[in-house]
Amino acid sequence: MHDAAAAAYAARVRVPEPQTSTSVIRRLEQARGPRCDHVGPRPWEIALVVAVTLSIVVVTLLAGGATHRSSVLLTRVVRVGAADTLWSLAQSNPVPGQGTAATVEQIRAFNGLRTSALTQGATLRVPLAEAPDRSYASR
């Protein structure tokens with residue numbers, strides 16, 4: 001009678017299988033997926049990161065290079081006369097490829113001016129009308 005009760009109990013309750021290394025590994029693989037022998041980034045992932053980075057650099061250089069002027073601009077110092085205005089100074093000291101209004105803003109920036117008011121006798125930095133030719137090829 002004792003054997004019949006034990007058999008009935010075993011049929012109703014799942015008896016765990018004995019712990020072996022293969023059964024433990026099998027349960028771990030089921031829980032987290034198959035083992036991966038691969039360590040680190042794959043070659044195509046590295047190539048993708050390099051390609052995206054280069055694309056960003058090229059687009060930034062092309063966009064910035066088309067609109068950005070050289071930050072090195074030669075200037076000279078002028079003394080403000082009685083009839084001088086920022087506009088007249090910008091017209092007499094043009095920057096190639098730049099309008100008079102932009103040159104006025106440059107003169108303001110060079111000298112830290114907040115308004116267009118000028119004081120007679122003051123000195124201002126203005127851009128040179130033409131940069132001197134310093135290339136050795138033209139000599």
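The values are calculated or read from the model by the stated rules, or taken from the named source; none is laboratory data. All of these numbers come straight from a predicted model, not from anything done at the bench. Because the Cβ atoms are built from the backbone with ideal geometry, glycine has one as well, and the counts that use them run over all protein chains shown.
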Subject >> Any chance T85 is at pLDDT 90 or above and not aliphatic (A, V, I, L, M) >> reply: yes
**OP:** Of the conditions (1) hydrophobic (A, V, I, L, M, F, W, C); (2) surrounded by 10 or more Cβ atoms within 10 Å (Cβ to Cβ); (3) under 17 Å from T123 (Cβ atoms); (4) free of Cβ contacts under 8 Å to residues at least 24 places away in the same chain, A102 clears all except one; give me its number.
**Re:** (3)
Subject >> Any pair with Cβ under 9 angstrom, 6 or more apart, that starts in the range 3-30 at a residue that is at pLDDT below 70 and ends at one that is in a helix (DSSP H, G or I) >> reply: E17/S23
**OP:** Return the total of residues in the range 89-99 being surrounded by 15 or more Cβ atoms within 10 Å (Cβ to Cβ) and either of a type in the set (A, V, I, L, M) or in a helix (DSSP H, G or I) (or both).
**Re:** 3
Original post:
Within the range 60-74, can one find any residue that is touching a strand residue (DSSP E or B) at 6+ places or on another chain (Cβ under 8 Å), assigned to a strand (DSSP E or B) and either over 30 Å from N111 (Cβ atoms) or at pLDDT below 90 (or both)?
Top reply: no
